[in-house]
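Let me begin by presenting the structure, written as C-alpha cells, before commenting on it.
Every read-out reported here was derived from the displayed coordinates using simple, explicitly stated rules and does not represent laboratory data. Computed from a prediction, not measured in an experiment: that's the story for all the values here. For neighbour counting, all protein chains shown are included, and Cβ atoms are generated from backbone atoms with ideal geometry for every residue, glycine included.
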Amino acid sequence: MAAIEVLSETAREKSSYTVTVAFTDSAGAAATPSAVTWSLLDTDGAIVNSRDGVSATPGETVDIVLSGDDLVIGRKTLLIEATIDGRAEKENCYINVRDLHGV
C-alpha cells in the first residue's frame, strides 16, 4: 500500500509553520501523487479557518504553510489526502500549537 509520511514539530500561535509531506509508493520509493488536498481540524473535528479540501500542487514533497488564524492554541489535525498509483490515501498529522507568552 502507498504511504504518506508527515514531518512535524510544535507550532507557536499566530506564527508561521510549515509541514513538509513526503509521498512514497507501495515499494517505498518517492512518488508524485496525481492529486493532493489538505484540511485543518480542531479537536472536535471542526474545520479551522475555512481550511477544508485545500488543493496543493502535487510533487514528491509538498510544503503546507500554516499561519495566522490557522494556528490558534490547542491541538490541530492536518488531514492530507492524496491519490498515489490510482489509490486514495489519507494520513493525519497532529500539531500542537503553543501560546506566545505575552506577545
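Under a Cβ-only charge scheme (Lys and Arg +1, Asp and Glu -1), can you give me the dipole magnitude of the chain about the Cα centre, in debye to the nearest 20?
For this selection, approximately 200 debye.
Each residue of segment 45-58 in order: what ³J(HN,Hα) in whole Hz does its phi give by Karplus 6.51 cos²θ - 1.76 cosθ + 1.60, θ = phi - 60°, with x for Gly and Pro?
Going residue by residue, I get x, 7, 5, 9, 6, 6, 8, 10, x, 6, 6, 10, 6, x Hz, with x marking Gly and Pro.
Please arrange LYS14, LYS90, LYS76 by counting, for each residue, the other beta carbons lying within 10 Å of its beta carbon, fewest first. Don't skip to the answer; put the middle values down first.
Working: LYS14 16, LYS90 9, LYS76 23.
So the residues, fewest neighbours to most, are LYS90, LYS14, LYS76.
For segment 46-85, rounded, prolate or oblate, judged on the Cα gyration tensor with a ≥ b ≥ c (square roots of eigenvalues), a/c < 1.5 rounded, else prolate if a/b > b/c?
In terms of gyration-tensor shape, prolate.
What would the Debye formula give as log10 I(q)/I(0) at q = 0.21 Å⁻¹ for the alpha-carbon point model of segment 1-91, no solvent?
The calculated log intensity ratios at q = 0.21 Å⁻¹ are -0.99.
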